[in-house]
Amino acid sequence: MSLWRLEWLRLRRTWRGVGLLAVFVFFGLLGPLTARYIQEIIERFGGTEGVQVTFPPPVPADGMIQYLSNAQQIGLLAVIGVAAGALSFDATADIAIFLRTRVSSTARLVLTRTAVYAAAAVVAFVAGAAVAWYETWALIGLVPADRFLFGTLFGALYYVFVVAMVALAAGLVRGSLGTMVLAFAFVVVPQVTVGLVSAAKPWLPGHLSSALAPLSQGTAEAGDFVRSTVLTLVVIALALVAAIRLLDRREV
Amino acid sequence: MTTEGGRALLAETHGLTKSYGGHAALDAVDLRVAEGSVYGLVGPNGSGKTTLLSILAGLRRPTSGTMRLGVARGAMALLPDTPEFEPWLTAFEVVDLARALVNPSIPRERVTDVLVEAGLRDAIDRRAGGFSRGMLQRLGVASTLVGDPALMLMDEPCSALDPMGRREVLDLVASQRGRRTVIFSSHILSDVQEVCDTVGILQRGAMRFQGPLQDLLTGNRTPGVLVRVRDDAEGVARSLATEPWVTSAAAIAAGEVRVGVRSTDEAERELPGALARAGARLVSVRPEEASLEQVFLEMTR
């Protein structure tokens, strides 16, 4: 059994993989439905007696925007939680001893797990986006395929960045909960601080998370995300190098 | 390569020290483990046994001192005292993972062989999450043996086992002598006495004794004689205690007196007369066989 199979079994037998996929697919189904029937939903359940709320007719981009707004919150937490459970491998000392005394290098352990959980997050995000795209086409109209593909690609890269942040956090703290909290801070804090500066925003990894929305709307082009793509790739590489060094130096 | 008693040293440390804050968990330890030996590392809780094994296994770094291992890291395996595994893996998968990580060229058939050897024949396809502590310990032994390590570090391997499991592990450890080198830490001294040929005694992080078990038993204990009398062991003990060559005399059981002496020679010459003067109705006299436990208690008291 290889480390790859170990992680595949972890995803399968602990239901983490299915759970992650279910979260994104659920929001992929829910997003276009909400966008298409928001008027009816408000009228039936909104409780706005005497008040007439009128929404503009939905456009295809609304289906993708609804999907993203959910995926960026619950989906992000799900990715961090699942990745932290695997990447904080020193949380249980005796399990850590089993692996650390047998693998040839810590890098092998970190990179395998990061790759598997990044892949799981990407698959879940892309599956949810694909469901949202198809349902948007069926209910509202077509988002151009090239714009959908670029937006999904940028969004997928963002989730790779999120998993790399989890790996970095696991290098700094041992426990799964601490890893989750720290990784969440690494992901969110730059967005709510540096991201407030309009000149800096196009550089941040967080810019990629919502790329699907402006690309669907036609208010941005793929080239607008090159800067954040480059910076995100650099940050991912640095985070992984730092995580490997930190985990290599840690005593168990 | 350094040798000791004609055998090459497989693990050797010089002045190995490990400090946590101001506390020295290990204090200038010079360890010498000969190839093919079963080395018993004994000491009270907190004496530094686990720290020393962790440093040898590369899991912790020494604060100072040097260490030399005669094997590559991959040829060494550590069995912790409470091994744990992913609960959703079967016993076969755990050992197979250990095999693949240590040396993928080892045939998979060996996984089943070592699981059977460790007494887990009926649990091969069961998930580790449902295992008792004893079964986890056996699984740890199997995942250690599967890589065929040249150096096995076993930290209290019998601590969670029932008497039958303990017997099996001790037999297994004893059978490794000459085939591979084993460092076996334990505070169950009778276990160490039974399976180890070399002993190191750690106390408060310092090595108090290191050498062949026989040297320890014969050279570091006050000589003693066990005297059995028909009646009044207390009175005989009081009488013997007045003899100048007797260091201690005490009734240790009904009709039994332990007599500590300055030397065995003196005891052999003087004891018959002293017993006659005490009016003892003698049943038997025999030299006291030292046990590791007695020596250990005397050294660490």
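For region B:92-108, filtered to residues that are charged (D, E, K, R) and buried (at least 18 other Cβ atoms within 10 Å of the Cβ), the residue that is farthest from the other protein chains (Cβ to nearest Cβ) is B:R99. Give the residue that is most open to solvent (accessible area, probe 1.4 Å), with candidates limited to residues of region A:101-137 that are away from chain B (no Cβ under 14 Å) and without any contact (Cβ under 8 Å) to a residue 40 or more places away in the chain. Ranking the qualifying residues of region A:101-137, first place goes to A:Y134. Looking across region B:109-131 at every residue that is surrounded by 14 or more Cβ atoms within 10 Å (Cβ to Cβ) and of a type in the set (D, E, K, R), the one that is farthest from the other protein chains (Cβ to nearest Cβ) is identified as B:E117.
Only a single criterion out of (1) surrounded by fewer than 23 Cβ atoms within 10 Å (Cβ to Cβ); (2) hydrophobic (A, V, I, L, M, F, W, C); (3) in contact with a helix residue (DSSP H, G or I) (Cβ under 8 Å, 6 or more places away or on another chain) is not satisfied by B:A8, namely (3). Of the residues making up region B:132-171, those that are surrounded by fewer than 23 Cβ atoms within 10 Å (Cβ to Cβ), among the small types (G, A, S) and either in a helix (DSSP H, G or I) or not assigned by TED's automatic domain parsing to the domain that holds B:V192 (or both) are B:G134, B:G165.
The set of residues in region B:16-63 that are farther than 22 Å from B:T300 by Cβ and either open to solvent by 40 Å² or more (accessible area, probe 1.4 Å) or among the acidic types (D, E) (or both) comprises B:G21, B:G22, B:E35, B:G58, B:R60, B:R61, B:P62, B:T63. Within region B:222-264, being in a loop (DSSP other than H, G, I, E, B) and surrounded by 19 or more Cβ atoms within 10 Å (Cβ to Cβ) holds for one residue alone: B:E243.
Run down A:F98, A:F26 and say which single residue is among the hydrophobic types (A, V, I, L, M, F, W, C), open to solvent by 10 Å² or more (accessible area, probe 1.4 Å), within 14 Å of chain B (Cβ to nearest Cβ) and more than 18 Å from A:L157 (Cα to Cα). Just a single option satisfies the conditions, and that option is A:F98.
Answer with yes or no whether B:D191 is in a helix (DSSP H, G or I) and surrounded by 16 or more Cβ atoms within 10 Å (Cβ to Cβ). Yes; evaluated as a whole, the condition is true for this residue. In region A:46-70, the residues that are over 13 Å from A:E135 (Cα atoms) reach residues that are open to solvent by 50 Å² or more (accessible area, probe 1.4 Å) and at pLDDT 90 or above with C-beta atoms within less than 8 angstrom, at least six apart or across chains, in these pairs: A:N70/A:L30.
The values are calculated or read from the model by the stated rules, or taken from the named source; none is laboratory data. Quick caveat: nothing in here was measured; it's all calculated off a predicted structure. For neighbour counting, all protein chains shown are included, and Cβ atoms are generated from backbone atoms with ideal geometry for every residue, glycine included. The area values use the complete protein model at the heavy-atom level, side chains included, leaving out ligands, DNA and RNA. Shrake-Rupley method; radii C 1.70, N 1.55, O 1.52, S 1.80 Å.
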